[in-house]
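A.B. asks: Dropping a structure here in structure tokens format, bear with me for questions.
None of the figures in this text is laboratory data; all of them are computed from the coordinates on show. Just so it is clear, the structure is predicted and the values come from calculations on it, not from any experiment. Here Cβ is always computed from backbone atoms with ideal geometry, including for glycine, and neighbour counts include all displayed protein chains.
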Amino acid sequence: MSRILIVEDEMTIAELEKDYLELSGFDVEIETNGTAGLERSLREDFDLFLLDLMLPDTDGFEICRQIRQVKNTPVLMVSAKKDDIDKIRGLGLGADDYITKPFSPSELVARVKAHLARYERLIGCGISANDVIEIRGLKIDKTARRVWINGEEKNFTTKEFDLLTFLAQNPNHVFTKEELFSKIWDMESIGDIATVTVHIKKIREKIEFNTAKPQYIETIWGVGYRFKV
Ligand code: CA
């Protein structure tokens with residue numbers, strides 16, 4: 001049974017969410033303050049987090065940010081204001097979805113189910129014992145350092161391979177160009193982060209069907225890049 005943690009300070013809303021999710025067969029826990037919610041999010045294993053944005057102490061932004069540093073578990077953010085949703089999208093915190101209050105219980109349940117199913121597929125096609133990553137038509141053999149797209153092998157330079165593999169191993173996580181540069185080129189603050197842009201372009205030319213509409217590596221404007229799953 002999938003376990004869901006709700007972090008919501010309005011008890012009536014939290015109970016409503018819990019009731020509907022439990023009716024759909026989920027095991028649901030509630031935390032009514034952000035600090036306790038954050039602590040449990042990091043310490044315990046949940047399959048999905050439902051986070052209210054506005055909480056009296058640690059807010060939903062901060063909880064999401066800290067979860068993303070260590071977990072790829074789906075995060076759904078709940079907000080009373082549509083404007084806030086635009087803002088959190090822009091921040092690229094790594095939340096998987098956003099729901100505006102008031103929402104219909106069936107919409108909430110449908111979105112939770114969709115994200116859990118997607119996450120299970122991701123886990124199921126993740127890194128296997130022989131160190132192969134397969135995500136949709138993309139296959140990366142980390143041991144042999146070979147890459148295939150829809151069965152066709154593509155040649156990658158060392159850094160292109162390292163960059164693609166790093167992003168694919170951390171799906172849905174937004175990395176800044178600076179972070180990618182320091183991780184892949186291993187020379188913090190030396191060199192030009194434009195190198196990252198150039199390599200992303202080359203990788204896209206090899207793996208994307210249409211580089212103007214990337215299916216794998218998404219540009220988060222003003223922030224960096226994310227491997228979409
Ligand atoms: Ca609230």
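A.B. asks: Between ILE123 and ASP97, what is the label-point separation in nm under the 7 Å Cα-to-beta-carbon projection?
C.D. replies: 1.7 nm
A.B. asks: Sort 100-109, 203-212 for me by packing, meaning the mean count of neighbouring Cβ atoms within 10 Å per residue, highest on top.
C.D. replies: 203-212, 100-109
A.B. asks: How much net charge surrounds GLN66 when only the other residues with a Cβ under 13 Å from the Cβ of GLN66 are counted, with Lys and Arg +1 and Asp and Glu -1?
C.D. replies: That sum, taken over residues with Cβ under 13 Å, equals +2.
A.B. asks: Relative contact order for the chain: what percent, with Cα pairs under 8 Å and sequence separation of 6 or more?
C.D. replies: In percent, rounded to a whole number, it is 13.
A.B. asks: Right, another one. Under the rule of at least 5 residues apart or a separate chain, name every residue whose amide H is placed under 5 Å from the amide H of LEU138.
C.D. replies: ASN150
A.B. asks: Here's something else I'd like to know. For the chain, what log10 I(q)/I(0) values come out of the Debye formula at q = 0.13 1/Å, with one point per alpha carbon and no solvent?
C.D. replies: Relative scattering, expressed as log10 I(q)/I(0), comes to -0.83.
A.B. asks: Still on this structure: Among DSSP beta bridges lying fully in the chain, give the percent that are antiparallel, nearest 5.
C.D. replies: Approximately 50 percent, going by the DSSP bridge assignments.
A.B. asks: Nearest 5 is fine: what % of DSSP beta bridges in the stretch 1-128 come out antiparallel, could you say?
C.D. replies: Rounded to the nearest five, the antiparallel share is 0 percent.
A.B. asks: Taking the Cα centre of the stretch 1-76 as origin, work out the dipole magnitude from +1 charges on Lys and Arg Cβ and -1 charges on Asp and Glu Cβ, in debye rounded to 20.
C.D. replies: 440 debye
A.B. asks: Search the structure for amide H atoms under 5 Å from the amide H of ASP97, placed 1.01 Å from N in the peptide plane, and list their residues when 5 or more places away or on another chain.
C.D. replies: VAL75, MET77
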